[in-house]
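S.K.: Pasting a structure here, questions to come.
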Number of protein chains: 2
Amino acid sequence: MRSATGKAGHINALDLPRQATGWLSRFGAALARRDLDAALKLFGAECYWRDLAALTWNIKTCEGREAIRAMLEATLVAAAPAAWAIDGAARTNDGVVEAWFDFETAVGRGRGQLRLRDGRCWTLLTTLRALKGFEEPSGRSRDKGVVHGAVRNRQSWLERRAQEAAALGVTRQPYCLIIGGGQGGIGLAARLRRLNVPTIVVEKNARAGDSWRKRYRSLCLHDPVWYDHMPYLPFPDHWPVFSPKDKMGDWLEMYARVMELDYWAGTECTGARYDDAAAEWAVTLRRDGQTLCLRPKQLVLATGMSGMPNVPEIPGAASFEGRLCHSSRHPGGEAWTGKRCVVLGANNSAHDICADLWEHGAAEVTMVQRSPTIVVRSEALMEYAWGRLYSEEAVRAGITTEIADLTTASVPSRLLPAMQRPVYDRIRRRDADLYAGLERVGFLYDFGEDDAGIHSAYLRRGGGYYIEVGASQLIIEGEIKLKSPATIERINRRSVTLTDGAELPADLVVLATGYGPMNDWAAQLISPEVADRVGKCWGLGSDTKNDPGPWEGELRNMWKPTQQPGLWFHGGNLMQSRHYSLTLALQLKARMEGLPTPVYGLAPVHHLR
Amino acid sequence: MRSATGKAGHINALDLPRQATGWLSRFGAALARRDLDAALKLFGAECYWRDLAALTWNIKTCEGREAIRAMLEATLVAAAPAAWAIDGAARTNDGVVEAWFDFETAVGRGRGQLRLRDGRCWTLLTTLRALKGFEEPSGRSRDKGVVHGAVRNRQSWLERRAQEAAALGVTRQPYCLIIGGGQGGIGLAARLRRLNVPTIVVEKNARAGDSWRKRYRSLCLHDPVWYDHMPYLPFPDHWPVFSPKDKMGDWLEMYARVMELDYWAGTECTGARYDDAAAEWAVTLRRDGQTLCLRPKQLVLATGMSGMPNVPEIPGAASFEGRLCHSSRHPGGEAWTGKRCVVLGANNSAHDICADLWEHGAAEVTMVQRSPTIVVRSEALMEYAWGRLYSEEAVRAGITTEIADLTTASVPSRLLPAMQRPVYDRIRRRDADLYAGLERVGFLYDFGEDDAGIHSAYLRRGGGYYIEVGASQLIIEGEIKLKSPATIERINRRSVTLTDGAELPADLVVLATGYGPMNDWAAQLISPEVADRVGKCWGLGSDTKNDPGPWEGELRNMWKPTQQPGLWFHGGNLMQSRHYSLTLALQLKARMEGLPTPVYGLAPVHHLR
């Protein structure tokens, strides 16, 4: 990734702007002439072009010249990219020239980044940022708020807003319906509101923010505040580094309010069916005890990147006389002082829950680890992974949230493991004491099958790690007992029997066994057939655990068109939700306005769930 | 005021930094040697030093060398200002060299601005920005939000916050009590919260923001959005230029919540008494039907810059069969379609109310004007008055809200009229059509007694003007009838008789006759004696209407120590509330921490109310 303060390498600093400007100008000229051969000669033998809806109306990484050629052949005439212009100063980083640029397409304005090696393009990022004629009102173009002059029977803001809210979903259909009003649904709805796309967010909880408030008591964000801003309204500069869940809940509730979202809390989606003839959805909702049906053109599932809780069937479970529950149902350690607790699993939730039980004075807490976990200290991540883009230092170095997000987006998935491995080499050395301690007690840790670390694990399988904030130390010290590798073979009346034959007395058994796939939601809300048609969500096709090949190079089905017309998936962590909500919102807006949106390279389905 | 893009004048641009740096270094050296003669030689014959709590623990403008000498003689040893350092590039503006600088005192860190003419100081601003060792946690120093590691029985953020809120005012006394939870009280409380000063805000309305929501229906902010940001959390960039009142109400409610204020809504202050022996207040509150007494050390009245409604006694009022009310009680024009309405007064409220009645189809609306009004079109103010400091253009030119506020603060009150007159000359030419139209219908307008305009009128008397957004045009077109100069001599059963003998049939009479003085609140809540001891609030002593001399040069009693220990006044428009809330918060924090705060030049009282 781009170094925030990249020192000039072996290339003469005066040549840099010239190299980037020269390359971009030759590139633009070749595309203008529709001269693909000339354009492709500007790319190195190893090259990547990642496009976020600017040319492809898709999220797509083309790997290698031939893939780029095929993409250009299909998209160049319609997209008509032009007006390429370097923005700001080029930089070098280990001999790679990096520069930001602006460009236009037939219908939009874009921003991109290029990386040159030996004068040729290594990576190219193109992202759609705005649609011409449909720009978000902001700055100079913001609303005036009041019509000056005399207007008979004018409406006040309050009256207009109340009327609009009362009509939407009753006398006027929303263009877009978002199921799920967590940070993902809220941020997307804020973008759609600024783009004037009539949208309703449906949330089954009573208040915005409850999806955070209702989680286990000790939950805090593990990502630092600089990574977590919502669109348009960043946290103030005293906001804590790691937001506690209830504070985050309050922020989201207030955000939904001041952003004037049409947010239907206390509303459950009970079913959705696509009407092919009308090209719209029929969505059944339960609101205030009433059943109603909406007919949006677009349906977005923002129900969280996890599906239903994974609850393994364990023999004897029914006979257990203590409490047995999935981690999603475990409210916290308050009730378990002096009790014996067993937690199955060894990822983030398992660690947080074990530590919380210990802090509440449980008599015995045992973690049962089934397979290796990536463990990294929070401080090490801040120092080596987030810090360059998302930290106070980055802010002071002029790296805005948008630059940080685009920099993250500029790295092709294929290159990520190689870029991350050196980070983990440093972390391994930095925290040698931690890893020695974990080995000593038999905790199975690794840095991913190919040492690619947490970020890759997150993209591939959405989990498999623990960000150490204290539980690892308790394990090392024996305060949290460990059984590893093992699993629970059977549950008895007051104990569990492990696969290694041990029997652990238990008053509480928590199954921190993760969640099913995201399109479980599509199966439940729409139909198993539609869920199978769109196929597996998330994952890159890396052929590692829980992420079978073939290689796809982009997250499956996320923020981009799916095999089901009018169905979209939105989610991820706060950074992804913030960044990709723009890409998704522009795709929806373009469709609403009837702009041509020919999708290039709609991904085939290789896996059902 | 400083031009945002000041072109270099006759001074060689290369000399500029040298001049400012050289001056500041000589100045700092002279002060370090306690050599007042040398320091004073650095000032021109006409000179001003405005200090916001940095040296004087007061808000004070010293006019002329002798006043500066007296101030330094009294403050220099204790304040020990040092470490003067120019920050950023100096500029010239009409031959005046301007530069920003940082400095320190014995207990604090400050920021200031200097203006040099012919190498000597013309104006100097010194402001306290932080107290050493008590800096607001922000950026790098922000809270972590969670204690990493294992902590037995740790509290969650929610539990800690709930416990703290439950204890404050019950088992733990607040250090500071703020009466009035509008934008002023809320912004100050946010600053005090960041400074860790236990504070309760008392608001009689049911919800934060109600002080806006309950005003007349058509109310919008007349100041543009760039002027109106609250501390720490600026409006997002799509926020309307002129906030509608209910939207502002929602923002304030959200703000109070996410800033974690101890905000007691639905609570009325029924009395306050200073206990000299204990050096604290006994404040009686009515909350949830209960009476309780708090003992804060500091009491801030943030009840709005207006006191009680001014309701003139008009003969015959009791016999009136229509509705007669003060403007503060007039909810809007809805009920008056087809009715005959008379509005007494010709300032902002009177104009807004007349226009609103007309918009609702009142049969006849007559404004009765008693004396001249300053009228300026909103667009002209944006163009010539706000624009250079508070506008999208200013934002793009790098003028942060803080720079804009400090620039505004850097102008001594004495110089303001001369600086403003040219603005009004331009406005008079720009909007010649408006003024010709007003003359044609006999509307009395001016630009203040000395042509100093709206800003001066606001500082001197807190009113006396109308920012034209449509009502003047209705008056010119005869849609709103005008009687001027005139007043209501008596009220009859279904009409009013004016001083010119005319009789106007009336179903509604609105008295837009303004408000009494701010320390009416002190008289009502504390005692008439204390109100008289602190004397008149607001106003500069300009010896113009409603602002009797002698010249004081600063707003009376605002944001600074008063003749009553522990009693403070906070208020003003959103810009003033934002800017001076820091000055006030630091004065309160310093007292709480027991830092020495010797007040220089506590203003004597010349007028009781």
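S.K.: For residues that are in contact (Cβ under 8 Å) with a residue 12 or more places away in the chain and not in a helix (DSSP H, G or I), scanning just the range B:580-595, find the one that is least open to solvent (accessible area, probe 1.4 Å).
M.R.: Per the criteria, the residue is B:LEU595.
S.K.: For the range B:335-355, give me the residue count where each residue is surrounded by fewer than 24 Cβ atoms within 10 Å (Cβ to Cβ), outside any loop (DSSP other than H, G, I, E, B) and touching a residue at least 12 places away in the same chain (Cβ under 8 Å).
M.R.: Summing the residues that are surrounded by fewer than 24 Cβ atoms within 10 Å (Cβ to Cβ), outside any loop (DSSP other than H, G, I, E, B) and touching a residue at least 12 places away in the same chain (Cβ under 8 Å) in the range B:335-355 gives 3.
S.K.: Which of the residues belonging to the range A:245-275 are more than 24 Å from A:PRO565 (Cβ to Cβ) and either aliphatic (A, V, I, L, M) or modelled with pLDDT under 95 (or both)?
M.R.: Scanning the range A:245-275 gives A:LYS245, A:MET248, A:LEU252, A:MET254, A:ALA256, A:VAL258, A:MET259, A:LEU261, A:ALA265.
S.K.: Looking at the structure I just gave you, is A:GLU383 away from every other protein chain (no Cβ under 11 Å), in a helix (DSSP H, G or I) and open to solvent by 10 Å² or more (accessible area, probe 1.4 Å)?
M.R.: So A:GLU383 fits the description; yes.
S.K.: All but one of (1) over 19 Å from A:LYS247 (Cβ atoms); (2) touching a strand residue (DSSP E or B) at 6+ places or on another chain (Cβ under 9 Å); (3) more than 14 Å from chain A (Cβ to nearest Cβ); (4) touching a residue at least 12 places away in the same chain (Cβ under 8 Å) hold for B:VAL170; which doesn't?
M.R.: Here B:VAL170 meets the rest and fails (4).
S.K.: Now for a separate question. Going through the range A:185-198 one residue at a time, which ones are within 13 Å of A:TYR263 (Cα to Cα) and either open to solvent by 10 Å² or more (accessible area, probe 1.4 Å) or among the basic types (Lys, Arg) (or both)?
M.R.: Hits for the range A:185-198 are A:ARG193, A:PRO198.
S.K.: Continuing with the same structure: Which is within 14 Å of chain B (Cβ to nearest Cβ), among the polar types (S, T, N, Q) and either buried (at least 16 other Cβ atoms within 10 Å of the Cβ) or under 19 Å from the mean Cα position of the chain (by Cα) (or both), of A:SER413, A:SER391?
M.R.: Within the list A:SER413, A:SER391, the selection yields A:SER391.
S.K.: Here's another thing I want to ask about it. Scan the range B:550-570 for residues that are open to solvent by less than 20 Å² (accessible area, probe 1.4 Å) and in a loop (DSSP other than H, G, I, E, B) and jot them down.
M.R.: B:GLY553, B:GLU554, B:LEU555, B:ARG556, B:ASN557, B:TRP559, B:LYS560, B:PRO561, B:THR562, B:GLN564, B:GLY566, B:HIS570
S.K.: Could you list all residues from the range B:467-492 that are in a loop (DSSP other than H, G, I, E, B), of a type outside the set (Gly, Ala, Ser) and under 14 Å from B:VAL342 (Cβ atoms)?
M.R.: B:ILE480, B:THR487, B:ASN492
S.K.: Further question on the same structure: Can we say A:ASN93 is polar (S, T, N, Q) and under 29 Å from A:ILE399 (Cα atoms)?
M.R.: So A:ASN93 fits the description; yes.
S.K.: Say whether the condition of being out of contact with any Leu (no Cβ under 6 Å at 6 or more places or on another chain), open to solvent by 40 Å² or more (accessible area, probe 1.4 Å), outside any strand (DSSP E or B) and over 30 Å from A:ALA277 (Cα atoms) is met by at least one residue in the range A:500-508.
M.R.: yes
S.K.: Another question, if that's okay. Within the set of pairs 6 or more residues apart or between chains, which connect a residue that is more than 7 Å from every other protein chain (Cβ to nearest Cβ) inside the range A:135-155 to a residue that is part of a loop (DSSP other than H, G, I, E, B) and modelled with pLDDT under 90 with Cβ atoms less than 7 Å apart?
M.R.: A:VAL147/A:ARG154
S.K.: Scan the range B:513-524 and give yes if some residue there is outside any loop (DSSP other than H, G, I, E, B), among the hydroxyl-bearing types (Ser, Thr, Tyr) and open to solvent by less than 30 Å² (accessible area, probe 1.4 Å), otherwise no.
M.R.: No, that holds for no residue.
S.K.: Continuing with this model, one more query. Only one of (1) touching a helix residue (DSSP H, G or I) at 6+ places or on another chain (Cβ under 8 Å); (2) away from chain B (no Cβ under 11 Å); (3) part of a loop (DSSP other than H, G, I, E, B); (4) in contact (Cβ under 8 Å) with a residue 60 or more places away in the chain is not met by A:ALA189, so which one is it?
M.R.: (3)
S.K.: Identify, please: which residue in the range B:277-292 is open to solvent by 70 Å² or more (accessible area, probe 1.4 Å) and either under 25 Å from B:ASP210 (Cβ atoms) or under 30 Å from the mean Cα position of the chain (by Cα) (or both) and is, among those, modelled with the lowest pLDDT?
M.R.: Among residues in the range B:277-292 that are open to solvent by 70 Å² or more (accessible area, probe 1.4 Å) and either under 25 Å from B:ASP210 (Cβ atoms) or under 30 Å from the mean Cα position of the chain (by Cα) (or both), the one modelled with the lowest pLDDT is B:ASP288.
Residues are listed down the side, and each one gets a yes or a no for (1) open to solvent by 40 Å² or more (accessible area, probe 1.4 Å); (2) free of Cβ contacts under 8 Å to residues at least 12 places away in the same chain:
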position: B:MET419; (1), (2): yes, no
position: B:GLU439; (1), (2): yes, yes
position: B:GLY442; (1), (2): no, no
position: B:ASP450; (1), (2): yes, no
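S.K.: Looking at the range A:207-227, is at least one residue outside any loop (DSSP other than H, G, I, E, B) and open to solvent by less than 10 Å² (accessible area, probe 1.4 Å)?
M.R.: Yes: one or more hits.
S.K.: Report yes if B:TYR435 is more than 30 Å from B:ILE314 (Cβ to Cβ) and open to solvent by less than 30 Å² (accessible area, probe 1.4 Å), otherwise no.
M.R.: It is true that B:TYR435 is more than 30 Å from B:ILE314 (Cβ to Cβ) and open to solvent by less than 30 Å² (accessible area, probe 1.4 Å).
S.K.: Is at least one residue of the range B:239-259 part of a loop (DSSP other than H, G, I, E, B) and closer than 30 Å to B:GLN587 by Cα?
M.R.: yes
S.K.: Among the residues that make up the range A:538-545, is at least one of them touching a strand residue (DSSP E or B) at 6+ places or on another chain (Cβ under 7 Å), open to solvent by less than 10 Å² (accessible area, probe 1.4 Å), outside any helix (DSSP H, G or I) and more than 30 Å from A:ILE353 (Cα to Cα)?
M.R.: Yes, there is a match, as at least one residue in the range A:538-545 is touching a strand residue (DSSP E or B) at 6+ places or on another chain (Cβ under 7 Å), open to solvent by less than 10 Å² (accessible area, probe 1.4 Å), outside any helix (DSSP H, G or I) and more than 30 Å from A:ILE353 (Cα to Cα).
S.K.: A further question follows. So which residues in the range B:293-306 are surrounded by 22 or more Cβ atoms within 10 Å (Cβ to Cβ), under 18 Å from B:ASN205 (Cα atoms) and of a type outside the set (A, V, I, L, M, F, W, C), if there are any at all?
M.R.: Within the range B:293-306, B:THR303 is the sole residue that qualifies.
S.K.: Check every one of the strands (runs of 3 or more DSSP E) wholly within the range B:54-133 and list those with 2 or more residues that are under 25 Å from the mean Cα position of the chain (by Cα) and among the β-branched types (Val, Ile, Thr).
M.R.: B:59-63, B:120-131
Table: residues versus (1) in contact with a Gly (Cβ under 8 Å, 6 or more places away or on another chain); (2) surrounded by 15 or more Cβ atoms within 10 Å (Cβ to Cβ); (3) in a strand (DSSP E or B).
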position: A:ARG140; (1), (2), (3): no, no, no
position: A:GLY149; (1), (2), (3): yes, no, no
position: A:LEU177; (1), (2), (3): no, yes, yes
position: A:GLY181; (1), (2), (3): no, yes, no
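S.K.: When the residues of the range B:246-255 are filtered to those that are within 28 Å of B:LEU525 (Cβ to Cβ) and open to solvent by less than 10 Å² (accessible area, probe 1.4 Å), which remaining residue is nearest to the other protein chains (Cβ to nearest Cβ)?
M.R.: That would be B:TRP251.
S.K.: Another one. With the checklist (1) surrounded by 20 or more Cβ atoms within 10 Å (Cβ to Cβ); (2) in contact with a helix residue (DSSP H, G or I) (Cβ under 7 Å, 6 or more places away or on another chain); (3) without any contact (Cβ under 8 Å) to a residue 40 or more places away in the chain in hand, flag the one item A:ASP237 doesn't pass.
M.R.: (1)
S.K.: Kindly indicate whether any position in the range B:434-452 is closer than 24 Å to B:VAL97 by Cβ and acidic (Asp, Glu).
M.R.: No, that holds for no residue.
The values are calculated or read from the model by the stated rules, or taken from the named source; none is laboratory data. None of the values given here were measured: they were computed from a predicted structure. Reconstructed Cβ throughout: ideal geometry from the backbone, glycine too, with neighbour counts over all protein chains shown. For the accessible areas, the whole protein counts, side chains as well, though only heavy atoms, and no ligand, DNA or RNA atoms are used. Shrake-Rupley method; radii C 1.70, N 1.55, O 1.52, S 1.80 Å.
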